[in-house]
Structure formats: structure tokens, C-alpha cells
1. On full extension of the chain, what length is gained from SER256 through LEU33, given 0.36 nm per residue of separation minus the C-alpha to C-alpha distance?
2. If I model a spin label at LEU306 and HIS291 as a point 7 Å from the Cα along the Cα→Cβ vector, what separation in nanometres do I get?
3. Could you pull out the pairs from LYS183/LYS230; LYS36/LYS165; LYS183/LYS245; LYS36/LYS308; LYS245/LYS308; LYS60/LYS245 whose alpha carbons sit more than 30 Å apart here?
4. R0 = 30 Å: FRET efficiency of GLN136 with GLU243, Cβ-based, nearest 0.05?
5. Would you work out which of GLY105, TYR180, SER156 lies farthest towards the positive end of the dipole of the stretch 12-295, given +1 charges on the beta-carbon of Lys and Arg and -1 on that of Asp and Glu, about the Cα centre?
6. Given +1 on the Cβ of Lys and Arg, -1 on the Cβ of Asp and Glu, and no further charges, what dipole in debye does the chain carry about its Cα centre, rounded to the nearest 20?
7. Restricting attention to the stretch 36-90, which GluC sites (Glu not before Pro) occupy a DSSP loop and are surrounded by at most 15 other Cβ atoms within 10 Å?
8. Let me have the 222 nm mean residue ellipticity of the chain computed from DSSP H runs of 4+ only, each contributing -39500 (n - 2.57), with the sum over all residues rounded to the nearest 500.
Amino acid sequence: MPLTPTRAVAFVLLLSGLSFWCFTEAPTEPTPLLQKVDIFEAETGGYAHYRVPAIAVSPKGTILAMAEARKSAQGDWGTQHIPLRRSTDGGQTWDAPRNIAQVEGEVQANAVALAQHLDTPGEDTYNNIVPIVDHQTGAVHFLFCIEYARCYSMTSTDDAATFSKPVDITGTFERCRDEYEWKVIATGPGHGTQLDNGRLIVPVWLSDGTGGHAHRPSIVSVIYSDDHAKTWQRGDVVVRHPELKNPSETLAVQLSDGRVMLNIRNESSEHRRAVSYSNNGATGWTAPVFHNELVEPVCMGSMTRLTK
């Protein structure tokens with residue numbers, strides 16, 4: 001039977017760029033059923049490469065693709081911007097990329113990155129964009145960080161054609177200092193999640209910056225909003241090093257039974273992804289366990305739910 005989906009199905013392929021794969025309507029030769037469109041390509045647009053992709057579909061069906069555009073191929077620090085491209089025809093065509101994360105004023109370089117000679121003043125690092133589709137309001141919210149030190153939230157009500165002014169929500173992370181004296185913070189990356197009750201959830205990781213690449217050791221937690229991204233709260237710490245070796249980039253999904261599951265990147269010798277569960281997506285996380293069927297290559301791993 002021919003595949004005739006009502007909306008595009010997307011897969012992110014991350015090598016040195018970002019590609020989008022979409023299913024077309026029932027094929028008529030020689031048009032293939034599966035088509036590939038390169039959205040971001042390494043060594044184009046003035047950037048060495050593109051990493052850390054995020055993709056979301058608005059309630060109106062507009063596909064939003066984002067990534068970190070990195071001037072240098074050396075690592076996570078240095079000059080980085082966050083370009084976005086939009087498609088309103090199921091991924092067949094895309095508009096031109098434009099940087100969407102911009103904060104007024106001087107950006108302070110992260111002190112721990114300077115100490116490890118990973119960063120240079122004036123090379124602003126915009127990182128870890130996280131889109132969150134709000135199905136109750138029709139808006140799309142975006143969180144991002146600067147220099148792995150401050151976090152901002154902004155909202156679009158027109159499918160990312162325009163955005164509200166970024167609001168500094170670093171104070172949400174400051175509420176973690178009574179448990180963990182962080183120097184580095186990061187949202188996601190990937191996409192955030194909205195629960196059936198409207199709660200917005202974004203997994204986050206924090207580090208004291210004393211270890212490798214100023215990203216280790218680390219802990220994982222979540223931040224959440226119950227008022228459509230007007231304000232943000234901190235959730236419980238899920239896991240920390242050395243309980244799980246250097247837990248970091250994490251995705252969340254609400255299961256059919258209402259629980260929220262986290263899928264956690266880590267550097268443990270088991271080489272398996274770790275999972276943890278909560279009844280409300282904010283507190284009471286279970287002790288993480290390794291998922292034997294999910295091999296851990298020490299890389300970001302995306303996750304989404306396909307059923308209602």
C-alpha cells in the first residue's frame with residue numbers, strides 16, 4: 001500500500017551538517033518516496049561546521065530546523081551562532097538561514113573556559129537551542145544559553161517568523177546552587193516536551209567546570225514551566241557524577257501511562273544509555289538504570305513519541 005502521510009516525518013542526520021528527510025506522497029516514477037534536503041552544510045555560510053541540531057513542527061505544520069553554527073571546528077567553545085530555517089511545505093523547500101539568538105550588551109566569557117584556554121573574550125558562544133511546541137497556545141518557545149553561563153527564553157506566536165525579546169532565566173539555575181556549585185549550564189539540547197497538563201519540561205545539565213573541556217564532572221536536572229514559559233522553576237536533581245559517570249545531554253518524553261522518562265547521555269563503562277522516570281516530570285526521579293538495548297556512543301541522542 002502506498003505511504004500517504006498527512007504530515008512530513010523528519011529524521012535528523014548529524015555529521016558535519018544537518019539534513020532533513022521527508023516522505024512524499026505516493027510515488028510516481030521516477031520520483032523517490034524518500035527525499036533528502038541538506039539544510040545546513042559544513043564550510044558554508046562562513047562557518048566551519050554545524051552541530052547540535054534541533055527540529056520541531058509548529059501546531060500549524062511549519063517545520064523549524066536549528067543548529068549551532070560554529071566558526072571553528074575545534075570544539076564547543078568559541079564563536080557560535082544559532083541559525084534557523086523554516087519550511088511550510090513539508091520539508092520540500094526552506095527559507096534562508098537567519099540567526100535567531102541575539103542578546104544586547106557585552107557577553108562575558110566563561111571563566112572556567114578561559115582558565116582551560118578553550119575560549120577567548122569576544123568570541124561569543126551561543127549554544128544549546130531548545131524549541132518547545134506549546135499545543136495549548138499555538139506558540140513555540142525557545143531556550144538557549146550563552147557561554148554555558150546564562151540561559152534565555154523567548155517565544156514566537158507566528159511560527160518563528162518573529163520572536164519576543166529574550167528574557168534572562170538564569171535565576172532558575174541559581175536555585176540549584178544550594179546543592180551544586182555550578183560554573184557551566186546547558187539546556188537540552190534537542191527539543192523540549194509539553195505534558196498533557198500543559199507543563200513544559202526542558203532537561204538541563206550543569207558542571208563545576210573543573211574537568212575535561214570544562215564540561216565535566218556534571219549533573220542532570222530539569223527546569224519546567226506551568227504558565228506557558230512566562231516563568232521557569234527548577235526540578236529535582238536526577239543524577240550526578242559519580243553516581244553515573246558524567247551525565248549530560250538528556251531528552252524527555254511523556255509515556256502513554258502519564259509518566260515522564262528521561263534518556264540520559266553518560267560516559268559510563270557500560271556503554272548504555274541511562275533512563276529515569278518521574279510521575280510529574282519535575283520531582284521524584286527514579287534512580288537511573290542502564291537500558292541494555294540502547295548503546296551509548298557518548299553522543300547526544302534524540303527521542304520523540306509517535307503515538308497519542
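1. Numbers: separation 223, 0.36 × 223 = 80.28 nm, distance 3.05 nm.
Value of the extension gain: 77.2 nm.
2. Each label point lies 7 Å from its Cα, and together they span 1.4 nm.
3. Going by Cα-Cα distance, LYS36/LYS165; LYS245/LYS308; LYS60/LYS245 fall outside the 30 Å limit.
4. Working: r = 35 Å, r/R0 = 1.18.
Efficiency, rounded to the nearest 0.05: 0.25.
5. TYR180
6. Dipole size: approximately 380 debye.
7. Working: sites: GLU41, GLU43, GLU68; in loops: GLU41, GLU43.
Qualifying residues, ordered by number: GLU41, GLU43.
8. Working: 2 runs with 10 residues, N = 308.
About -500 deg cm²/dmol.
No lab work stands behind these numbers, since they all come straight from the coordinates. Just so we're clear, the structure is a prediction, and the values are computed from it rather than from any experiment. Cβ: placed from backbone, ideal geometry, glycine included. Neighbour counts: every protein chain shown.
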